[in-house]
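Asks: Please see the structure below; I have some questions.
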Amino acid sequence: MSPLASMIVKRIGLGFVTLAVVSAVVFFAVYLLPGDLAEEILGQAATPETVANIRRELGLDRPPIERYVDWITGLLSGDFGRSLANGRPIAELAGMRLVNTLYLAGFAAAVSIPLSLTLGIVAALYREKLIDRSINVAALTAISLPEFFIAYILIFALTVKAGWLPSLATVSADTPLGERMFRSILPVLTLTLAVAAHVMRLTRAAIVNLLASPYIEMARLKGLKPWRVILRHALPNALAPIINVVVLNLAYLIVGVVVVEVVFAYPGLGQLMVDSVGKRDVPVVQATCLFFASTYIMLNLVADVATIAADPRLLHRR
Amino acid sequence: MTVPDTLLTMRGLAIEGRSERGTTQIVTGIDLNLKRGEVLGLIGESGAGKSTLGLAAMGYTRDGCRITAGSIVFDGIELTTAGDEARRRLRGSRIAYVAQSAAAAFNPAMRLIDQSVEIAVQHGVMNNAEAAAAAIALYRRMQLPSPEEIGFRYPHQVSGGQLQRAMTAMAMVARPDLIVFDEPTTALDVTTQIEVLAAIRDAVEAIGTSAIYISHDLALVAQMADRIMVLRHGRLVEEADTRTMMASPRQAYTKSLWAVRTFRGSRKPEMAAGTTPLLRVERLTAAYDETPVLQDVSLDLHRGRTVAVVGESGSGKSTLARVITGLLPPRQGSVAFEGKTLAGSYRGRSPEELRRVQMIVQMPDTALNPRQRVRDAIGRPLKFYLGLTGEARERRMRELLTEIELDPDQYVDRYPAELSGGQKQRVCIARALAAEPALLICDEITSALDQLVAEEMLKLLDRLQRERGLTYLFITHDLATVRAIADEVVVMKDGRIVEAGPRDRMFAPPHHPYTDLLLSSVPEMDPDWLDRLLDQRKAQAPS
Amino acid sequence: MADLATALRSAPPSAWFGISVSALYVFVALGAPVVAPFGETQVVGPAFAPWGGASPLGTDNLGRDMATRLIYGARNTVGIAVVTTVLAFLIGGGIGLISGTVRGWVDQVLGRIVDVMMAIPSLIFSLLLLAIFGTSVVSMITIIALIEATRIFRLARALALGIAVLDYVEAAKLRGEGLIWLITREILPNATAPLIAEFGLRFCFVFLFISALSFLGLGIQPPTADWGSMVRDNAALISYGDITPLLPAGAIALLTVAVNFVVDWLLHRSSGLKD
């Protein structure tokens, strides 16, 4: 096996190990609570009978390891357990919401990533010029705004004042695609503003960092046009940090998704998770948490593999 | 005013640099004339403004620098007033640049051939195929191995000396009128330097281009240039034909450039036989992770004497210092001090053992904590090892500063940033002396310093040795330094000792072949040295 | 001190804006009981009263004075964010510096633990822990401080690793200095600039993080006046074209913008004139 292939295989293996460890963390976090979770959840209303019920529901009466194995095998066969609050299967609760969330996040990523990469490259090209300073101040401001602030300002301006867009993004399984896109414009806009600023700033930084390197000075001394210096000489070398930045910032997208779903009453996983935290519906929270975490781990894995594959020093060995 | 065959003229050029600390004058009132086909040498120490001047010849200033006065006329074009676009068109196609470190100046993500053809193609001088053919022809002229294929490699797949040659070829593809060589061999080892130097000179002659050759080494420039300008602090010191300057330098500063080469340390009496060595290194083998860097190295250091370890980069000479001090525990072998074996790691050594062996390193900039005053740097070992406090410590500190020739009143409360490179190195010596050591390990301590400062440093060390009976382990790549101060010489290559013996024997033939190569590769202050050497090597080469 | 004065004089307008606004917030937070017209939880009129009269910014969903709640919010929301950030720095910074200086297996183990913790997006991780431990200010501070500490650990460790190989630290090691001397005298003084910038940056993260949790109803709990939950409680007014709920959100945004401007200036300064 070539060294490159073995590095990639190793990285993928590491990804799955991380996934396994994270699933264990999510599962065993319950045991961090000093005392009994069942009594804790019930609080004042605890009677020996209800406590025993909850303990059985949560599986606290069985050995932890055995429970964990059951949980994992369940997950792998599509059985996510049952909600503590209403006893319904979690798969049933979360199924449609999962699709909705993926759709919303995907839509936002598709808009924000190309936008922010372009802005980042433009800012690097015209660094210290007016256009760069404006983009920078705008981006610095945008990353400072809480998602819900952006959301409400957009609602105030585009819904209440202008009346163009709906303020609630209520969709269901049979909402047609056109209607679904129209209703999710505001959430996507909010997410784009929140994520694009981060990616743009770091893209610019990754390129500007390289501009001090001798081979960029060399490219300038070769009399190349400024855009060629950036696109042909700086960008390929900035690729690895940029890929990492993009993926790292999908974490902001996840945070954003949770808040935005609540603001716009969008029926996604984030909203379910927040509701369940309030109700201390631990099994639902664990399942949604594991979903978000594994998505993030997988994205990181893809980014790392892409970074390894994009490095000419690894691609073409001595 | 300009004669027809003049290619480049500078008049009263001044360049200013701006930083947080204010503005500094980098280049002041420089006049320069370069004829077509002429090679001009620019020589000076760090901070002389020679690179800034070289770049100015391309109408380029680095970020934070600004041309404040004067004119630069290239082939009738005034570069200081020409627009960005006009200057960009000249760069690469008519004025090309060869950087100090080709390894850093080649784009790591592009093949050599793609970078080589870029100038000609982007400036519309040639099409891709023509440029590629020209590049390959130049690779061949630069004596690169397999010129047809080497272009399809990435920079990291090619050695440093080859990269430097490829970069010269790249500069020549579009047939520029002028090439600026900015210390093109400084990053190379002395033995590699010769080949690159010869190839550059050959190619410059063959295509008949003008060149500005920048270097800190007068002996090197003398091999390349028709005429030499000596710069200091951004001003011209002296300008003359190469032969005139080498034969009869006028200015005191120019003469001082010979300084280290002529200095000789004091002679020591012959060693008494049968004494226990101060330090005995036996059969050391060491490695970083899996890479072996030292193999089976043994040597003895006797009290009051200087042993110089000489070798090129990668020879393991600095690793030897790290193993002796315990920063890198050896895989095998032992280090014994005054007959007693030391622990492999410094963690296992007693404060007393640590105190007796002190080390001074190459870069004075990183050797002193920027947040500690001179007082703290020297005072700490006095307290730590000798328990001195208050008045006693203050007095000792002043004695030490006086001993290294720095005025205590003026320097004791300064931060490292307020000292020059040479002063910092002196403080490092004082810090080492504060521990009252028996052995001083000096790892390339003059390499980062200018010639004059380096010579003063060697004189200081020589005096300290006489007064205090210190023993030195002197690690260096510079044979002139070895000649100046060593009693014994150890030559290293690829982690092994190649040859060892008293200085006089080592500098007289017959040599080990590697020692011979090393010795003959050191540029001499003679404009014909390179020619003679190349002829000699050609004659010796088995046909 | 003289350095600081020169630095301030050359500071760009954005940095001046940031410094002034941050100072104003600190002043309001410290002087809240004096500055505020009413008590923090005092009901002064009907719910959702319009602007004007005794309540210049109207009243909230329970009839409490909006202006008073905003002023106390500076004390509570900002105060809790500062406490959390300091805690995170003490834990993450301390362990990170030690880990980067001693290296070896301690560093390996800590590194792996942090890797796992960082593999879970922070909001998601905190939601899981809040579900288990219950939503209270103490558990929120602890959870966020621990999660943020992993990020600070990374930076502090990287800084220590970088500085520990410099010649002057090696010289101190060879002198026989102990770990405490190495960290406090050799490494920390040379890591302050990036650590201060990181503190500002982390404060912004923590502040937005706490605001988001409070907005979701899982952070600072009633009746404590807090900007995040004030937005949530009064959000309904937006649909009637009333911008009152945007005020606490704007207060959060303004402070974050201000701190970010200061940090941006500090980072730009410490990076020299690179660009």
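The values are calculated or read from the model by the stated rules, or taken from the named source; none is laboratory data. This is a predicted model, so every value here is computed, not measured. Using ideal geometry, Cβ is built from the backbone for each residue, glycine included, and neighbour counts are taken over all protein chains shown. In case anyone asks, the SASA skips ligands and DNA or RNA and just uses the protein heavy atoms, side chains included. Shrake-Rupley method; radii C 1.70, N 1.55, O 1.52, S 1.80 Å.
Asks: Counting DSSP beta bridges with both partners in chain B, what percentage is antiparallel, nearest 5?
Replies: 55 percent
Asks: For the protein assembly as shown, what is the Kirkwood estimate of the hydrodynamic radius, computed as the reciprocal of the mean inverse distance between distinct Cα atoms, to one decimal in Å?
Replies: Hydrodynamic radius (Kirkwood, Cα pairs) of the protein assembly as shown is 34.3 Å.
Asks: Here is a further query. With a 1.4 Å probe and all protein chains left in place, how much of the accessible area of chain C comes from carbon and sulfur atoms, in whole percent?
Replies: Reported share for carbon and sulfur atoms: 71 percent.
Asks: Taking only the alpha carbons of the stretch B:458-543, what extent do you get along each of the three principal axes, in Å, biggest first?
Replies: That works out to 54, 31, 21 Å along the principal axes.
Asks: So what is the orientation-averaged projected area of the stretch B:279-508, using the convex hull of its C-alpha atoms, in nm²?
Replies: 12.4 nm²
Asks: Averaging over every viewing direction, what projected area does the convex hull of the Cα atoms of the stretch B:120-163 cover, in nm²?
Replies: Answer in nm², one decimal: 3.4.
Asks: Going by a 1.4 Å probe on protein heavy atoms, which residues of the stretch A:146-164 end up with at least 20 Å² less accessible surface in the whole assembly than in their chain alone?
Replies: Residues passing the criterion (a loss of at least 20 Å², heavy atoms only) are A:P146, A:F148, A:F149, A:Y152, A:F156, A:V160.
Asks: Cβ neighbours within 10 Å, averaged per peptide: list A:300-311, A:103-114 in order, most packed at the top.
Replies: With the highest mean Cβ count within 10 Å placed first, the list reads A:103-114, A:300-311.
Asks: Using helices alone, what [θ] at 222 nm do you get for chain B, with -39,500 (n - 2.57) per DSSP H run of 4 or more residues, divided over all residues and rounded to the nearest 500?
Replies: Mean residue ellipticity, 222 nm, calculated: -11000 deg cm²/dmol.
Asks: Continuing with the same structure: If every alpha-carbon in the stretch B:234-322 counts as one equal scatterer, what log10 I(q)/I(0) does Debye give at q = 0.11, 0.16, 0.24 1/Å?
Replies: So the normalised log intensities work out to -0.63, -0.83, -1.24.
Asks: Continuing with the same structure: On a C-alpha basis, how far is the centre of the stretch C:118-142 from the centre of the stretch B:368-441 in Å? Whole number, if you could?
Replies: After rounding, the separation between the Cα centres reads 52 Å.
Asks: Ok, one more. For the stretch C:188-275, build the convex hull from the C-alpha positions and give me its volume per residue in Å³.
Replies: That works out to 116 Å³ per residue.
Asks: Run the Debye formula on the Cα coordinates of the stretch C:23-132, all scatterers equal and no solvent, and tell me log10 I(q)/I(0) at q = 0.10, 0.23 1/Å.
Replies: -0.54, -1.15
Asks: I've got another one for you. Give, ordered by residue number, each residue of the stretch A:286-318 whose 1.4 Å probe accessible area is reduced by a minimum of 30 Å² on adding the remaining protein chains to the chain alone.
Replies: Residues shielded by partner chains are A:C289, A:Y296, A:P312, A:R313, A:H316, A:R318.
Asks: Let me understand chain A better: what is its radius of gyration from the alpha carbons, and its Dmax, in angstrom?
Replies: 23.8, 82
Asks: Peptide C:112-122: average number of partner chain Cβ atoms within 10 Å per residue?
Replies: For peptide C:112-122, the averaged partner shielding equals 5.
Asks: Given the -39500 (n - 2.57) contribution per DSSP H run of 4+ residues, what per-residue ellipticity at 222 nm results for chain A, rounded to the nearest 500 deg cm²/dmol?
Replies: -24000 deg cm²/dmol, from helical runs alone.
Asks: Chains A and B: how much accessible area gets covered up at their contact, both sides added, probe 1.4 Å, in Å² to the nearest hundred?
Replies: 2400 Å²
Asks: Return the percentage of antiparallel bridges among DSSP beta bridges fully within the stretch B:279-508, rounded to the nearest 5 %.
Replies: Taking every DSSP beta bridge with both residues in the stretch B:279-508, the antiparallel ones total about 55 percent.
Asks: My understanding is that a pair violates if its Cα-Cα distance is over 22 Å; which of A:K225/B:K50; B:K493/B:K538; A:K222/B:K50; B:K268/C:K173; B:K268/B:K383 do that in this structure?
Replies: Beyond 22 Å between Cα atoms: A:K225/B:K50; B:K493/B:K538; B:K268/C:K173; B:K268/B:K383.
Asks: Across peptide C:158-167, what mean number of C-beta atoms from other chains lies inside 10 Å of a residue's C-beta?
Replies: Counting other chains' Cβ atoms within 10 Å and averaging over C:158-167 gives 2.
Asks: Please check the stretch B:63-77 for residues whose accessible area, probe 1.4 Å, is lower by 30 Å² or more when all protein chains are in place than in their chain alone.
Replies: B:D63
Asks: How far is helix A:48-58 tilted, in degrees, relative to the longest principal axis of the Cα atoms in chain A, given as a value from 0 to 90 rounded to the nearest 10?
Replies: Computed tilt is about 40 degrees.
Asks: Over the Cα atoms of the stretch A:49-207, what is the Rg over Rh ratio if Rh follows Kirkwood?
Replies: Ratio of gyration radius to Kirkwood radius for the stretch A:49-207: 1.15.
Asks: Which values of log₁₀ I(q)/I(0), to two decimal places, follow from the Debye formula for chain B at q = 0.08, 0.09, 0.11 Å⁻¹ with a uniform point scatterer at every Cα?
Replies: -0.61, -0.77, -1.09
Asks: Something else: When the gyration tensor of the stretch C:14-271 is built from Cα positions, what are the square roots of 5 times its three eigenvalues, in whole Å, from largest to smallest?
Replies: Semi-axes, largest first: 41, 20, 14 Å.
Asks: To continue, here is another question. In whole Hz, with x marking every Gly and Pro, tabulate ³J(HN,Hα) for the stretch B:390-402 from phi via Karplus 6.51 cos²θ - 1.76 cosθ + 1.60, θ = phi - 60°.
Replies: Listing the rounded values in order: x, 4, 4, 5, 4, 5, 5, 4, 5, 4, 5, 4, 5 Hz.
Asks: Angle check, please: helix B:112-122 long axis (alpha carbons) against the longest principal axis of chain B (alpha carbons), in degrees 0 to 90, nearest 10.
Replies: Value to nearest ten degrees: 40.
Asks: Of all the C-alpha pairs in the stretch C:73-135, what % are more than 16 Å from each other?
Replies: I get 64 percent for the Cα pairs in the stretch C:73-135 exceeding 16 Å.
Asks: So what's the back-of-envelope 222 nm ellipticity for chain C, counting only DSSP H runs of four-plus at -39500 (n - 2.57) apiece and dividing by all residues, rounded to 500?
Replies: That calculation yields -22000 deg cm²/dmol at 222 nm.
Asks: Let me ask another. When the convex hull of the C-alpha atoms of the stretch A:47-91 is computed, what volume per residue in Å³ does it have?
Replies: 55 Å³
Asks: Across the stretch B:372-380, in residue order, what do the Karplus-derived ³J(HN,Hα) couplings come to in whole Hz, using 6.51 cos²θ - 1.76 cosθ + 1.60 with θ = phi - 60° and x for Gly and Pro?
Replies: Calculated HN-Hα couplings, in order: 10, 6, 3, 3, 6, 4, 7, x, 4 Hz.
Asks: Roughly how big is the C-A contact, given as buried accessible area in Å² (both sides, 1.4 Å probe, nearest 100)?
Replies: In total, this chain pair buries about 4000 Å².
Asks: Give me, ordered by chain and number, the residues 5 or more places off B:T306 or on other chains with an amide H under 5 Å from its own placed amide H.
Replies: Correct list: B:Y472, B:D487, B:E488.
Asks: Report, to the nearest 10°, how far helix A:130-144 tilts away from the longest principal axis of the Cα atoms in chain A, using its own Cα long axis and a range of 0 to 90°.
Replies: Rounded to the nearest ten degrees, it is 10.
Asks: Could you give the spread of the C-alpha atoms of the stretch A:199-318 along their three principal axes, from largest to smallest, in whole angstroms?
Replies: Principal extents (Cα only, largest first): 65, 34, 18 Å.
Asks: Distances longer than 15 Å among the Cα atoms of the stretch A:123-177: what percent of all pairs is that?
Replies: Tail fraction, whole percent: 66.
Asks: Could you derive backbone 3J(HN,Hα) for the stretch A:146-160 from the dihedral phi with the Karplus parameters 6.51, -1.76 and 1.60 (θ = phi - 60°), listing whole Hz in sequence and x where the residue is Gly or Pro?
Replies: Karplus values, whole Hz, x for Gly and Pro: x, 4, 5, 5, 4, 4, 6, 5, 5, 4, 4, 6, 8, 9, 5.
Asks: A further question follows. Classify the stretch B:189-299: rounded, prolate or oblate, from the alpha-carbon gyration tensor (a ≥ b ≥ c, eigenvalue square roots; a/c under 1.5 rounded; otherwise prolate if a/b is larger than b/c)?
Replies: Note, shape of the stretch B:189-299 comes out oblate.
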